[in-house]
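These notes are about the structure you will find just below.
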Amino acid sequence: MCDRPLIDPAKCDGCGVCAGVCPQSALVVTGGKVNFTMTAGCSWCGECEAVCPSGAIGCPYEIVFG
Ligand code: SF4
Ligand code: SF4
């Protein structure tokens, strides 16, 4: 189980748009790449995935067959 969205650092260009929309302030741009802050919790709102112009953020959820 994943507790936060996945960020693909190869796609992220550090524009900071996601950090600007995150209602939990869970994202911060450091060194030209976005990272999660350790002090804020992600609420899985999906806003960061929706606004990222580079498609670098994904909010996956587990699909269980059977
Ligand atoms: S899903 Fe929402 S709360 Fe979580 S990091 Fe993205 S914008 Fe922030
Ligand atoms: S919006 Fe996308 S490209 Fe911009 S900092 Fe966030 S993850 Fe990186």
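Every number in this text was worked out from the coordinates using simple rules, so none of it is lab data. It should be emphasised that the depicted structure is a prediction, and the values quoted were computed from it without experimental measurement.
Data for the structure
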{"quantity": "Region 6-58: relative contact order as a whole-number percent, Cα under 8 Å and 6+ apart", "calculated": "43"}
{"quantity": "Distant alpha-carbon pairs in the chain (separation over 17 angstrom), percent", "calculated": "35"}
